[in-house]
Amino acid sequence: MLRTPLHFATMIKTSRFQLSPFTMVDFKAFVQEMLTDPRVVEHYHSYKTLTDRAAIHQLALQDFWNHFEKSREKCDFEVWAARDDASILVGWASLIHTELSDRYGGPELQYMIRSDRHGKVVATEFATAVMKHAREQFPDCEIIATVDIPNKGSIRVLDKTGFRLEGQIEAYGSTEMYLYRAI
């Protein structure tokens, strides 16, 4: 069962969305609605060619659910499911302890949104809310982010949310990645 650290709010509100702790119900919707969408997984190399829903679910348990749980245990950062007024899962956002956290200093801002919301400033709204919340809870925490070099949308999100490009790195099985650091 998921826990919410006591020092965390149980909800973050933005102008258009409600972010609450990511649950197994959210995970199932995420797998069904987002990880099977070619536009969403365009920059997630291990999902681009998968079509079998059972295989996608199994891989997602390891890559996302288990990773989220380990990150929560290690650094107490919540993973936030974002829903609109109609209670539709629009995406998720969080600071997550990743393999890069120890190497580059700090948790990594990560997010995913539904493809029908791409280009509508949704990821910027999520990232801004999560960063604001994290800064209130952990003001001295360094935060990093990575992005596929071809992912122009996420590069714009990081630029708008106060990240500075550090340089190109190899990460997540790709040499085409940029490392950003929050200013």
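The values are calculated or read from the model by the stated rules, or taken from the named source; none is laboratory data. As the structure is a computational prediction, the values presented were derived from the model and not from experiment. Every residue, glycine among them, receives a Cβ derived from its backbone with ideal geometry; neighbour counts consider all protein chains shown. Ligands, DNA and RNA are stripped out before the accessible areas are found, and what is left, the full protein with its side chains, is counted by its heavy atoms. Shrake-Rupley method; radii C 1.70, N 1.55, O 1.52, S 1.80 Å.
Things worth noting here:
- Residues (touching a strand residue (DSSP E or B) at 6+ places or on another chain (Cβ under 9 Å) and of a type in the set (Ser, Thr, Tyr)) located in segment 108-136: TYR111
- Taken as a whole, the structure places SER20 among residues that are of a type in the set (Gly, Ala, Ser), in contact (Cβ under 8 Å) with a residue 40 or more places away in the chain and surrounded by fewer than 20 Cβ atoms within 10 Å (Cβ to Cβ).
- Tally, over segment 128-137, of residues that are within 23 Å of LEU179 (Cβ to Cβ) and touching a residue at least 12 places away in the same chain (Cβ under 8 Å): 6
- Output for segment 145-171, where each listed residue is surrounded by fewer than 16 Cβ atoms within 10 Å (Cβ to Cβ) and assigned to a loop (DSSP other than H, G, I, E, B): ILE149, PRO150, GLY162
- SER15 being more than 14 Å from the chain's Cα centre (by Cα), open to solvent by 50 Å² or more (accessible area, probe 1.4 Å) and at pLDDT 90 or above: yes
- Exclusive hit being touching a residue at least 40 places away in the same chain (Cβ under 8 Å), buried (at least 20 other Cβ atoms within 10 Å of the Cβ) and not in a strand (DSSP E or B), set GLU142, GLU125: GLU125
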